[in-house]
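Notes for the one structure printed next.
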Amino acid sequence: MAPSTSVPTAEARALPWSGRDEHPPSRRRGENIGTSTSTSAGYGEAQRELVDTADRRPQQIAVPETLLKKRRTTEASREAKLAAAAKARQESKAQRKIIFKRAEEYVKEYQTAEREEIRLQREARKTGDFYVEAQPKVYFVVRLKGISKIAPKPKKILQLLRLLQINNGVFVRVTKATQQMLHLVSPYITYGEVNLKAIRELVYKRGYAKVDGQRIPITDNAVIEKLLGKYGIICIEDLVHEIATCGPNFKQASSALWPFKLSNPTGGWRPRKFIGFVEGGDAGNREKHMSKLVHQMV
């Protein structure tokens, strides 16, 4: 029959030594166990040491001053960026309201001018007269011919007009001087009056700004405001209005645009490209038919 073994109680298991002895055994072999009084005192000291060790907290590690300074700088920079972003959002919101208001005014102005022209045509028809429209204020000019076999004077005029490549296009104010220049280079270009829709298509689809000599796409009104804000032109609709109406800042608005790079027209050019438009070619003055060509080339 197997000898019975005693199971230690929970108190015995909680003691740092094994067994049921009330007092801890000596740490060294052969050392006598002291009296109960000394043993109780040693046990109390050990308990106090354990309590003191448990209550003791790890001390805070010192952080270098450079790291603290970097943290403060980063936090200040972050707060400044957040404040600048909030301010930019407020300014953008106010700017959009101004832009929408201007766009509405421009639409009303275009509609009023169109209705007035229709009214004048009807009045002339009633009285049996002919209505003669006003002379165009702006021409859109497109280059047809390359650089070979061009005389020096027409070549210089094309450079002044910023028409350096085939299918390049620019807006030109109609004056006596510009009409003479266009007449001298008419075998190498085609030009005419364009309507509001054609101007919008050119600016929105093929419009690039000239920023510090670089060709930058107009993807935001901020590009226009940076270039022409001092002239009161802060958005694309302002730019379109300035060109369509030939406003006082037309020169600055036209110069801020990079020459338009257009494609060949849909369906191609006419068989005899370099003879006059009225003779069955493409060169020279197209008058109101220029808008149709622009729609085909954009």
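The values are calculated or read from the model by the stated rules, or taken from the named source; none is laboratory data. Given the structure is predicted, the values throughout are model-derived calculations rather than measurements. Cβ: placed from backbone, ideal geometry, glycine included. Neighbour counts: every protein chain shown. SASA here: full protein model, heavy atoms, side chains in, ligands and nucleic acids out. Shrake-Rupley method; radii C 1.70, N 1.55, O 1.52, S 1.80 Å.
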Residue that is nearest to residue 136 (Cα to Cα), among those in the range 242-251 that are open to solvent by 30 Å² or more (accessible area, probe 1.4 Å) and assigned to a helix (DSSP H, G or I): 244
Which listed residue is open to solvent by less than 60 Å² (accessible area, probe 1.4 Å) and assigned to a helix (DSSP H, G or I), from 190, 178: 178
Test set (1) part of a helix (DSSP H, G or I); (2) surrounded by fewer than 16 Cβ atoms within 10 Å (Cβ to Cβ); (3) among the hydroxyl-bearing types (Ser, Thr, Tyr) - residue 254 fails condition number: (2)
Contacts under 8 angstrom Cβ, first residue in the range 195-212 being touching a residue at least 60 places away in the same chain (Cβ under 8 Å), partner open to solvent by less than 10 Å² (accessible area, probe 1.4 Å) and of a type in the set (A, V, I, L, M), 6 or more apart: 196/240; 198/290; 198/294; 201/294; 202/294
Matching residues in the range 123-139 - criterion: being exposed (fewer than 10 other Cβ atoms within 10 Å of the Cβ) and in a helix (DSSP H, G or I): 126, 127
Neighbours by Cβ (under 7 Å, 6+ apart or cross-chain): first from the range 99-112, more than 14 Å from residue 221 (Cβ to Cβ); second open to solvent by less than 80 Å² (accessible area, probe 1.4 Å) and among the charged types (D, E, K, R): 106/237
Residues being open to solvent by 100 Å² or more (accessible area, probe 1.4 Å) and of a type outside the set (Lys, Arg) - total across the range 83-93: 2
Qualifying residue in the range 62-74 (condition: within 50 Å of the chain's Cα centre (by Cα), modelled with pLDDT of 90 or more, outside the structural domain of residue 229 (by the TED database) and within 30 Å of residue 220 (Cα to Cα)): no
So residue 96, is it modelled with pLDDT under 90, at negative phi and open to solvent by 100 Å² or more (accessible area, probe 1.4 Å): yes
Count of residues meeting criterion [part of a loop (DSSP other than H, G, I, E, B) and exposed (fewer than 14 other Cβ atoms within 10 Å of the Cβ)] in the range 207-221: 4
Residue pairs meeting the criteria (Cβ under 7 Å; at least 6 apart or on separate chains; first more than 19 Å from residue 206 (Cα to Cα), in the range 246-268; second of a type in the set (Phe, Trp, Tyr)): 249/231
Hits in the range 263-298 (condition: open to solvent by 20 Å² or more (accessible area, probe 1.4 Å) and among the hydrophobic types (A, V, I, L, M, F, W, C)): 269, 274, 275, 277, 278, 298
Flag if residue 237 is open to solvent by less than 50 Å² (accessible area, probe 1.4 Å) and either assigned to a loop (DSSP other than H, G, I, E, B) or modelled with pLDDT under 95 (or both): yes
